[in-house]
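Colleague: Got a structure here, written out as structure tokens. Questions coming.
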Amino acid sequence: MNILVINSGSSSIKFQLIEMPSEALICSGLVERIGHTDAVLKYKTNTVAFQETSSIKTHKQGLHKIVELLLHVEKGVIKSTSDIEVVGHRVVHGGNSFSNTTEITAQVKQKIQEYATLAPLHNPGNLEGILVAEEFFPMAKQVAVFDTAFHQTIPEKANKYAIPNKFYKEKGIQLYGFHGTSHQYVSEKAIAYLGLKSSKIISIHLGNGCSMTAIRDGKSIDHSLGFTPSNGLIMGTRSGDLDHGVIYHLVNKLGYNMDEVKNLLTNESGMLGLTGHNDLRDIEAEAEKGNRNCILALTMNAYRIQKYIGAYVATLNGLDAIIFTAGIGENSSVIRKLVCTDMNFFGIDLDETKNESKSKELREINSAISKVKILVIPTNEELEIAKQAFRLVN
Ligand code: AMP
């Protein structure tokens with residue numbers, strides 16, 4: 001069975017065509033920097049490697065390009081759109097409505113639309129992906145895999161906010177958690193690698209969006225993103241943790257309206273607000289040249305991660321391994337080094353040579369004396385989505 005997986009992020013779309021149950025990868029690709037004139041489309045099959053830089057303004061435009069490539073006479077991998085039997089979609093926010101992978105119906109789409117107010121950078125792109133896929137692949141089953149599902153095991157003491165009780169059950173205001181497919185995928189890999197019966201793991205997903213999860217025996221028990229994907233770590237354009245008093249001050253004293261506040265904290269803050277860049281590669285290059293804002297932003301970014309490690313060691317009452325994953329976690333030796341510096345109290349000790357090595361496989365980068373394993377594990381949300389979609393339709 002051919003499953004096309006579409007993973008729309010805030011400014012990127014990843015896609016993979018996977019044959020199930022063999023898990024054989026037929027093709028994969030990525031559209032990066034959506035919204036820019038120099039967006040990059042990368043595409044790979046067993047025989048073709050293709051890259052193109054062009055202006056891609058919207059997710060819809062990006063998805064059109066992907067479908068064109070899949071059907072392309074020379075580069076393509078399918079003859080007709082009916083060769084795709086299932087399309088698996090990553091959907092970021094499923095609120096309380098979806099704790100499991102589900103087939104997409106009109107009602108499911110309506111819910112995804114409703115939750116767009118809680119995940120404004122993601123759910124609209126996710127829905128766009130669904131609509132385009134329905135148009136191009138009318139014969140295929142459309143399946144949604146929710147980022148929020150893995151975090152359903154977080155206990156009440158951790159997912160409830162200290163606001164009046166009626167807002168919890170009645171209004172659904174609580175911590176939901178995100179990046180669930182990624183945290184689930186890498187933690188399962190780590191548990192298999194460590195061979196432990198009982199495990200205490202902190203998974204650190206650092207991409208355009210960033211989050212950390214405390215995972216005991218394979219289950220999420222606390223997580224740094226919250227009601228919306230804006231809490232916790234410093235992200236590409238999102239501030240992460242922020243005293244809510246800042247919002248009243250912006251509105252009451254500085255004349256911002258709520259839409260402007262939302263835009264400021266969601267699209268103009270984080271690494272972008274601190275440095276003028278949101279791609280970590282640009283920030284690292286500037287820091288290398290001595291740019292003080294960039295150096296400080298990298299330090300702040302790592303410091304926030306260290307604070308969450310401290311908190312989650314308390315949550316887990318111990319620690320067997322930390323995992324770095326996603327675009328930054330897998331590729332930035334700079335951030336990994338900053339995070340692992342002066343963490344020997346926690347038994348975290350980095351091997352700097354191993355940290356510099358590059359690989360697409362799971363690798364250990366801790367020193368021989370480190371009590372805690374430091375693992376770099378490439379995430380594969382697409383494969384996790386394909387597996388879950390396959391399980392559902394079978
Ligand atoms: P993701 O959301 O997982 O695709 O991660 C995307 C982010 O990863 C990009 O915005 C970059 O900031 C970062 N990234 C990708 N490659 C590298 C690299 N080689 N070094 C540092 N950061 C990287």
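Colleague: Report every pair of residues separated by at least 6 positions or lying on different chains whose Cβ atoms are under 7 Å apart, first residue within segment 114-128 and closer than 15 Å to Phe146 by Cβ, second surrounded by fewer than 22 Cβ atoms within 10 Å (Cβ to Cβ) and among the β-branched types (Val, Ile, Thr).
Modeller: Going by the 7 Å Cβ cut-off, the qualifying pairs are Leu118/Thr228; Ala119/Thr228.
Colleague: Would you kindly identify the strands (runs of 3 or more DSSP E) lying entirely within segment 3-89 that contain at least 1 residues that are over 21 Å from the mean Cα position of the chain (by Cα) and either among the hydroxyl-bearing types (Ser, Thr, Tyr) or over 21 Å from Ala386 (Cα atoms) (or both)?
Modeller: Details: elements: 13-19, 24-32, 36-45, 49-56.
Output list reads 36-45, 49-56.
Colleague: Condition (residue is without any contact (Cβ under 8 Å) to a residue 24 or more places away in the chain and farther than 24 Å from Asp147 by Cα) applied to segment 229-242: is it met by at least one residue?
Modeller: Within segment 229-242, none of the residues are without any contact (Cβ under 8 Å) to a residue 24 or more places away in the chain and farther than 24 Å from Asp147 by Cα.
Colleague: Further, regarding this structure: Starting from segment 270-291, take each residue that is over 12 Å from Gly236 (Cα atoms) and assigned to a helix (DSSP H, G or I) and list its partners that are within 8 Å of the ligand (Cβ to nearest atom) and not small (Gly, Ala, Ser), counting only C-beta distances under 6 angstrom and pairs at least six apart or across chains.
Modeller: Correct list of pairs: Glu284/Val334.
Colleague: Return only the number of the condition from (1) at positive phi; (2) touching a helix residue (DSSP H, G or I) at 6+ places or on another chain (Cβ under 6 Å) that Asp342 does not satisfy.
Modeller: (2) is the only condition that Asp342 fails.
Colleague: How many residues are charged (D, E, K, R) and within 11 Å of the ligand (Cβ to nearest atom) if we restrict to segment 275-288? Explain how you work it out, then say what you get.
Modeller: Just the residues of segment 275-288 that are charged (D, E, K, R), to begin with: 279, 281-282, 284, 286, 288.
Subset that is within 11 Å of the ligand (Cβ to nearest atom): 279, 281-282, 284.
So the answer is 4.
Colleague: Is there any pair linking a residue in segment 78-89 that is acidic (Asp, Glu) to one that is surrounded by 22 or more Cβ atoms within 10 Å (Cβ to Cβ), with Cβ under 8 Å and at least six apart or on different chains, and which?
Modeller: Glu85/Ile3
Colleague: Residues that are modelled with pLDDT under 95, touching a strand residue (DSSP E or B) at 6+ places or on another chain (Cβ under 8 Å) and among the charged types (D, E, K, R): list the strands (runs of 3 or more DSSP E) wholly contained in segment 199-250 that include at least 3 such residues. Break it down stepwise before answering.
Modeller: Working: elements: 200-206, 210-216, 219-223.
Once the strands (runs of 3 or more DSSP E) in segment 199-250 are filtered for at least 3 residues that are modelled with pLDDT under 95, touching a strand residue (DSSP E or B) at 6+ places or on another chain (Cβ under 8 Å) and among the charged types (D, E, K, R), nothing remains.
Colleague: Pick from segment 246-274 the residues that are farther than 17 Å from Gly209 by Cα and of a type in the set (Ser, Thr, Tyr): which of them is nearest to the ligand (Cβ to nearest atom)?
Modeller: Filtering segment 246-274 for residues farther than 17 Å from Gly209 by Cα gives 246-261.
Going one step further and asking which of them are of a type in the set (Ser, Thr, Tyr), we end up with 248, 256.
On the way: Tyr248: 31, Tyr256: 27 Å.
Going through the qualifying residues, I end up with Tyr256.
The values are calculated or read from the model by the stated rules, or taken from the named source; none is laboratory data. From a predicted model like this one, the values you see are computed outputs, not experimental measurements. Cβ coordinates were reconstructed from backbone atoms using ideal geometry, including for glycine residues, and neighbour counts include every protein chain displayed.
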